[in-house]
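Visitor: Structure provided below as structure tokens; questions to follow.
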Amino acid sequence: MKIGLIGLPGAGKSTVFEALTGMGEDPGHKGQDRIGTVDVPDARLDVLAGLFKPKKAIHAQVTYFLPQLGLHQPERVYDQSIGSRIRDCDALIHVLRNFAVPGLPDPSPFDDFARLDQELMLTDLMAVENRLDRMEADQKRGKKPPEDEWALLTACREHLEAGTALRKIPELGTDIRLKGFALLSAKPMLILFNNGEEDCKSPALPAGWDSSQEGMAIRGKIEQELAQMEPEEIRQFLSEFGISEPAAHRVVRRSCALLGLISFFTVGSDEVKAWTLKKGRSVLEAAGTIHTDMKKGFIRAEVIPFDALTAAGSFPEARKQGTLRLEGKTYAVQDGDVIQIRFNV
């Protein structure tokens, strides 16, 4: 899972990136794109590790990507090269300045959001229109365009021209036929209000704001400092500032929810591992996530919910209690399932 950070100049994107990843800036790579991978926090993995005593416990992971303008490029609202670099991201985090800066106007996060979101939609509109133009040219040369693609792109153009981001039209934004276009306004988006050190609340929603859009607030500077601390310092810091957990944990969980991801686990003496999977996907797809051979040679899956396994204490006891089930390839994996795949290749 790769998530791109975007925002207007001065929003604090680098601060937020460092808060999420714990990575400080490398002076030797100033002005270059930054990428960092972090664990998805899940207390259930720690419980399973305590139960099975594996050699290692492996969290699911998320990668954060921060595209940068070059050192000699002027900062502007939007840069087309950034758009091309975030196209392979699964989702976006839109960082909005919600803190005062001497010499700058008061923060206006919702206006800032609208400015950049409009640029994303304009970029998508250009891509859609270019494709439609090519299809029209082909039609004039006697090549009939695919009707379903024509209808799909025409619908996209209508919504984009009306100023509607495609993520707000799920039947369009998630259509598999648009995957190759990697449209920016179709990507799931988490709105992140970057607050000052004394402000922990999200700003009040303005009249007419679409309340269905995901949003949360963090105190970027505080969280940046927190990410650089040792575990004991972190515990003291959290207590002092009344923070329940680091923002990185909350953001990554919200990111997973935004993408419709659930977690399942595999366990053994060598390793206990957490995996992510789209909600509603089958155990056959879960097998393919673990290893392609497992999907190819799938026979059946032994499945038990996390709570049932921890209550039983072991697989043999779970079998006695009847909580360990055999499932076929069409079984829809549930969040927290512990799965053992039986396969033969």
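Yes/no per residue for (1) part of a helix (DSSP H, G or I); (2) more than 23 Å from ARG97 (Cα to Cα):
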{"position": "GLU119", "(1), (2)": "yes, no"}
{"position": "ARG131", "(1), (2)": "yes, yes"}
{"position": "ARG134", "(1), (2)": "yes, yes"}
{"position": "PRO145", "(1), (2)": "no, yes"}
{"position": "TRP150", "(1), (2)": "yes, yes"}
{"position": "ILE191", "(1), (2)": "no, no"}
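Visitor: Which of the residues spanning segment 92-103 are over 16 Å from LYS221 (Cα atoms) and buried (at least 21 other Cβ atoms within 10 Å of the Cβ)?
Guide: Within segment 92-103, LEU92, ILE93, HIS94 meet the criteria.
Visitor: Just wondering, is there one or more residues in segment 7-30 that are charged (D, E, K, R), in a strand (DSSP E or B) and under 25 Å from VAL101 (Cβ atoms)? Break it down into steps so the answer makes sense when it comes.
Guide: Here is the first cut: in segment 7-30, the residues charged (D, E, K, R) are 13, 18, 25-26, 30.
Next, from what is left, pick out any that are in a strand (DSSP E or B): none.
No - not one qualifying residue is present in segment 7-30.
Visitor: Yes or no: ASP106 outside any loop (DSSP other than H, G, I, E, B), loosely packed, with under 14 Cβ neighbours inside 10 Å and of a type in the set (D, E, K, R)?
Guide: Details: outside any loop (DSSP other than H, G, I, E, B): no; loosely packed, with under 14 Cβ neighbours inside 10 Å: yes; of a type in the set (D, E, K, R): yes.
Spelling it out, it is not the case that ASP106 is outside any loop (DSSP other than H, G, I, E, B), loosely packed, with under 14 Cβ neighbours inside 10 Å and of a type in the set (D, E, K, R).
Visitor: If you check every pair at least six apart or on different chains, which have Cβ atoms under 8 Å apart with a residue in segment 157-182 that is assigned to a helix (DSSP H, G or I) first and a residue that is β-branched (Val, Ile, Thr) second?
Guide: Hits for this filter: ARG157/VAL128; HIS159/ILE169; LEU160/VAL128; PHE181/VAL128.
Visitor: Could I ask something else about it? Suppose we keep only residues that are assigned to a strand (DSSP E or B) and in contact with a Gly (Cβ under 8 Å, 6 or more places away or on another chain) within segment 302-345. Which one would you say is farthest from LEU261 (Cα to Cα)?
Guide: If we filter segment 302-345 for residues that are assigned to a strand (DSSP E or B), which is where we start, we get 302-305, 325-327, 332, 337-343.
Those still in the list that are in contact with a Gly (Cβ under 8 Å, 6 or more places away or on another chain) too: 305, 332, 343.
Numbers: PRO305: 17, ALA332: 13, PHE343: 25 Å.
Per the stated criteria, the residue is PHE343.
Visitor: Let me ask something additional. Tell me whether segment 120-139 contains one or more residues that are of a type outside the set (Asp, Glu), under 29 Å from GLU223 (Cβ atoms) and in contact (Cβ under 8 Å) with a residue 12 or more places away in the chain.
Guide: Taking segment 120-139 as the starting set, the residues that turn out to be of a type outside the set (Asp, Glu) are 120-123, 125-128, 130-132, 134-135, 137, 139.
If we keep only those that are under 29 Å from GLU223 (Cβ atoms) too, we end up with 120.
Among the residues that remain, those that are also in contact (Cβ under 8 Å) with a residue 12 or more places away in the chain are: 120.
Yes: one or more hits.
Visitor: Could you check, for segment 281-301, whether at least one of its residues is surrounded by fewer than 13 Cβ atoms within 10 Å (Cβ to Cβ), within 29 Å of the chain's Cα centre (by Cα) and within 23 Å of ILE58 (Cα to Cα)?
Guide: Checked segment 281-301: at least one residue is surrounded by fewer than 13 Cβ atoms within 10 Å (Cβ to Cβ), within 29 Å of the chain's Cα centre (by Cα) and within 23 Å of ILE58 (Cα to Cα).
Visitor: Then there's this: Mind checking which residues of segment 38-50 are touching a helix residue (DSSP H, G or I) at 6+ places or on another chain (Cβ under 8 Å) and modelled with pLDDT of 95 or more?
Guide: The answer is ARG44, VAL47, LEU48.
Results for (1) β-branched (Val, Ile, Thr); (2) surrounded by fewer than 20 Cβ atoms within 10 Å (Cβ to Cβ), shown as yes or no for each residue.
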{"site": "LEU166", "(1), (2)": "no, no"}
{"site": "ILE169", "(1), (2)": "yes, yes"}
{"site": "ALA182", "(1), (2)": "no, yes"}
{"site": "ALA186", "(1), (2)": "no, no"}
{"site": "LYS201", "(1), (2)": "no, yes"}
{"site": "LEU205", "(1), (2)": "no, yes"}
{"site": "LYS221", "(1), (2)": "no, yes"}
{"site": "GLU232", "(1), (2)": "no, yes"}
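The values are calculated or read from the model by the stated rules, or taken from the named source; none is laboratory data. Since the structure is predicted, the reported quantities are computational estimates derived from the model, not experimental observations. Neighbour counts run over all protein chains shown; Cβ positions are idealised from the backbone, glycine included.
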